[in-house]
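The values are calculated or read from the model by the stated rules, or taken from the named source; none is laboratory data. Every value quoted in this text rests on a predicted model; they were computed, and no experiment measured them. Cβ atoms come from the backbone with ideal geometry, glycine included; neighbour counts cover every protein chain shown.
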Amino acid sequence: MRKQVSARDGTIKYLFGLQDGNCVETVVMRYEHGNSVCLSTQAGCHMGCAFCASYERGATRNLTPAEILDQVLWAGKDSGLKISHIVLMGTGEPLDNYDNVVQFLRLVTHPDGLNISMRHISLSTCGLVPRIYDLAALHWQLTLSISLHAPNNAIRSTIMPVNRRYPVEQLMQACRDYFAATGRRISFEYAMIAGVNDSDACADQLCDLLRGLMCHVNLIPLNHVEGSPLLPSSKQTIRRFQQILQNRRVNATVRRSLGGDIDASCGQLRRKAMAEKEGAKG
């Protein structure tokens with residue numbers, strides 16, 4: 001196990017080793033409302049999002065329900081903190097490991113288990129539309145978080161290959177149907193990338209896309225990945241983008257950056273560890 005602790009805000013990042021020699025990241029974040037743990041659901045990810053450090057071609061396997069649950073148990077035990085909230089937003093695409101993730105959710109919410117409320121759990125997906133419908137059919141009260149990151153197919157297909165399979169129109173219809181089935185407000189994650197998706201026109205298109213949907217937009221200052229040409233938008237640009245959304249009655253906030261002095265961004269610590277491992281072999 002590796003462990004990093006932020007001197008700024010107390011965020012803790014763990015790198016847990018698995019029996020097959022792989023490793024996964026887990027992050028504990030402290031908020032006023034409680035302590036949240038961000039979990040990985042796969043070892044690596046093959047979704048190929050251009051801005052993410054988790055993408056590793058051919059290096060993905062699904063985590064078992066026990067391996068996902070162990071992250072909660074070990075993070076709570078080592079940190080000494082009571083975990084009250086869970087976000088499935090670490091390495092991997094949760095809906096690409098659907099059966100194991102669903103079993104994990106049944107375990108972690110069970111009265112004889114950790115008994116964490118489904119309303120305190122968020123599941124993030126890049127947009128596997130059929131699985132969104134499967135999740136909606138369960139009528140659970142968890143929060144669905146969509147990694148959107150672009151307001152149209154032209155931009156989204158460039159930075160998120162999944163959009164070529166499930167374009168924005170299909171994804172948005174699935175979101176509307178999910179809300180109809182569960183009554184739960186949907187969260188949209190939007191990483192602000194300089195010169196790519198941060199223009200005034202993009203903000204207006206995003207408002208049009210979300211019109212009439214009960215939702216919240218999380219604007220995320222991009223965490224730069226080493227070797228990537230994608231750079232974060234300026235603070236001024238992010239504020240302007242947020243203001244356009246708010247002026248058109250779209251609920252939007254800028255995500256507070258936690259663990260900025262450690263490798264707290266998704267996939268960064270694991271990527272370094274796997275590179276070191278490969279280097280040692282060489």
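Hand me the list of strands (runs of 3 or more DSSP E) wholly inside segment 8-74 holding 2 or more residues that are within 26 Å of Y190 (Cα to Cα) and of a type in the set (D, E, K, R). Don't jump to the end; show me each part of the working.
Numbers: elements: 12-17, 23-31, 34-38.
The strands (runs of 3 or more DSSP E) meeting that bar are 23-31.
Under the condition of being modelled with pLDDT of 95 or more and in contact with a Lys or Arg (Cβ under 7 Å, 6 or more places away or on another chain), which residue from segment 77-105 is surrounded by the fewest Cβ atoms within 10 Å (Cβ to Cβ)? Going through the qualifying residues, I end up with Y98.
Taking the stated definitions as given, is V108 buried (at least 20 other Cβ atoms within 10 Å of the Cβ), outside any strand (DSSP E or B), modelled with pLDDT of 95 or more and within 16 Å of the chain's Cα centre (by Cα)? So V108 fails the test.
Considering segment 117-129 alone, what residues qualify as being under 11 Å from the mean Cα position of the chain (by Cα) and outside any strand (DSSP E or B)? Reasoning before the result, please.
Going residue by residue through segment 117-129, those that are under 11 Å from the mean Cα position of the chain (by Cα) are 122-126.
Scanning segment 117-129 gives a single hit, C126.
Annotation: of all residues in segment 3-27 being buried (at least 24 other Cβ atoms within 10 Å of the Cβ) and aliphatic (A, V, I, L, M), the one that is farthest from the chain's Cα centre (by Cα) is V24.
Selection of segment 179-226 for residues being assigned to a strand (DSSP E or B) and among the small types (G, A, S) yields S187, A191.
Residues checked against (1) on the phi < 0 side of the Ramachandran plot; (2) buried (at least 20 other Cβ atoms within 10 Å of the Cβ):
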residue	(1), (2)
M172	yes, no
A181	yes, no
R184	yes, no
A191	yes, yes
D200	yes, no
D208	yes, no
G212	no, no
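Would it be correct to say that L114 is in a loop (DSSP other than H, G, I, E, B) and within 23 Å of H33 (Cα to Cα)? So L114 passes the test.
Just to be sure I understand, how many residues within segment 136-165 are of a type in the set (A, V, I, L, M, F, W, C), part of a helix (DSSP H, G or I) and surrounded by fewer than 17 Cβ atoms within 10 Å (Cβ to Cβ)?
1
Within segment 50-63, restricting attention to residues that are surrounded by fewer than 20 Cβ atoms within 10 Å (Cβ to Cβ) and in contact with a Ser or Thr (Cβ under 8 Å, 6 or more places away or on another chain), the residue that is modelled with the highest pLDDT is N62.
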